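The values are calculated or read from the model by the stated rules, or taken from the named source; none is laboratory data. Since this is a predicted model, take the numbers as computed values, not measurements. Note that we place each Cβ from the backbone using ideal geometry, even for glycine, and neighbour counts take in every protein chain shown.
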Amino acid sequence: MIKSNYILRYLYTLAKIFEMKTKITLATLILFSMSLSLFANKPNWGATGHRTVGEIADNHLSRKAKKAIDKLLDCHSLAFYSNFADEIKSDKAFDNYYTWHYVNFEFDTNYDPAKADKKGDLIQGLQTCIKILKDPLSSNEDKVFYLKMLIHFMGDLHQPLHVGRGEDKGGNDIKLKWFRESSNLHRVWDSDMIDSYKMSYYEMADNTDKLSKAQVQSIQKGGLLDWVYESQALAKTVYASVKNDDNLSYRYSYDYLATVRQQLQKGGIRLAKVLNDIFG
Ligand code: ADE
Ligand code: ZN
Ligand code: ZN
């Protein structure tokens, strides 16, 4: 009797240990999957948008520019390197370029280089890229680096909120919901609308509005500053389109996805113009 009691207690203890282990394993699994989903939610901001701009530009390059770029990028596409400037953000060695992704200056005023961010901004960044690429004395290594940066920044220039207000970090501080998930105005325009559209960058580039030669030339008129003012004017409409804590969904894309698609197309066509000017 004593012996069987002992065996029962032994079995009970074993069962308890097993139950505890199962609980621990379960908790580990839950924690692990939660951290995985956290990483999955970590946005690769605007990857599809930037690739679309690169692909559209590729379709508008002169033969000579294409040849020179193929040599620098080892035959990789513009789309392939269009997110390079975002990827290097995780490396502290490239912190100097962080402010090159945007430019903030008072709406309806002229951009004043004297008042510009001392660390550099989107306009100064683009001008530097172009200068280095045009300079016959630049090293091949520098040309490759600044070409990759230029591809990205021409995309940023066409996201209206990269020419937004400094006080809300280009809409990053305007918190709202996208299909009931936490987001912010900047992110909606960087990626939420584009990602919800569920087209690949290739499909986006292949389904741009059909434009005449004259329409393409008209888009390519002017220069960096004209295009910056155009984006800033759009930013005003974007700010007026929401209230804090809005829950945006289908209706917002219905109203604004056409603008996003147009901006991506203009970005691509103008990137090609800048590259055709640099490479002849
Ligand atoms: N990202 C971080 N700060 C920003 C700003 N001030 N404007 C636009 N984009 C930003
Ligand atoms: Zn950027
Ligand atoms: Zn952005």
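Only one of the numbered conditions (1) within 16 Å of ligand 3 (Cβ to nearest atom); (2) over 22 Å from Asp70 (Cβ atoms); (3) surrounded by 14 or more Cβ atoms within 10 Å (Cβ to Cβ); (4) touching a residue at least 12 places away in the same chain (Cβ under 8 Å) is violated by Tyr98, and that is (3). Restricting to region 232-255, count the residues that are more than 16 Å from Val163 (Cβ to Cβ) and surrounded by fewer than 20 Cβ atoms within 10 Å (Cβ to Cβ). Qualifying residue count for the region: 12. Filtering region 182-194 for residues that are surrounded by fewer than 19 Cβ atoms within 10 Å (Cβ to Cβ), away from ligand 1 (no atom under 16 Å from the Cβ) and over 18 Å from Val238 (Cα atoms) leaves a non-empty set. Considering each residue of region 75-94, count those that are without any contact (Cβ under 8 Å) to a residue 60 or more places away in the chain, crowded, with 16+ Cβ neighbours inside 10 Å and away from ligand 1 (no atom under 16 Å from the Cβ), and give that number. Selection size over region 75-94: 2. Quick one: is Asn96 out of contact with any Ser or Thr (no Cβ under 6 Å at 6 or more places or on another chain), closer than 20 Å to Gly170 by Cβ and at pLDDT below 95? Criteria not met by Asn96. Scanning region 156-165 for residues that are within 16 Å of ligand 2 (Cβ to nearest atom) and outside any helix (DSSP H, G or I), we see that the one that is surrounded by the most Cβ atoms within 10 Å (Cβ to Cβ) is Gln159.
Note on region 130-159: residues that are within 16 Å of ligand 1 (Cβ to nearest atom) and either touching a Ser or Thr at 6+ places or on another chain (Cβ under 8 Å) or of a type in the set (Val, Ile, Thr) (or both) total 5.
Taking region 112-147 as the range and being over 25 Å from Asp226 (Cβ atoms) and polar (S, T, N, Q) as the test, the residues that pass are Ser138, Ser139, Asn140.
Only one entry in Lys148, Lys143, Lys119, Lys134 is exposed (fewer than 14 other Cβ atoms within 10 Å of the Cβ), within 24 Å of Lys273 (Cβ to Cβ) and touching a residue at least 12 places away in the same chain (Cβ under 8 Å), namely Lys134. The single condition among (1) touching a Gly at 6+ places or on another chain (Cβ under 7 Å); (2) within 20 Å of Val242 (Cα to Cα) that Ile151 does not satisfy is (2). Among the candidates Ala27, Ala40, Ala15, Ala47, the residue that is crowded, with 16+ Cβ neighbours inside 10 Å and either more than 16 Å from ligand 2 (Cβ to nearest atom) or at pLDDT 50 or above (or both) is uniquely Ala47.
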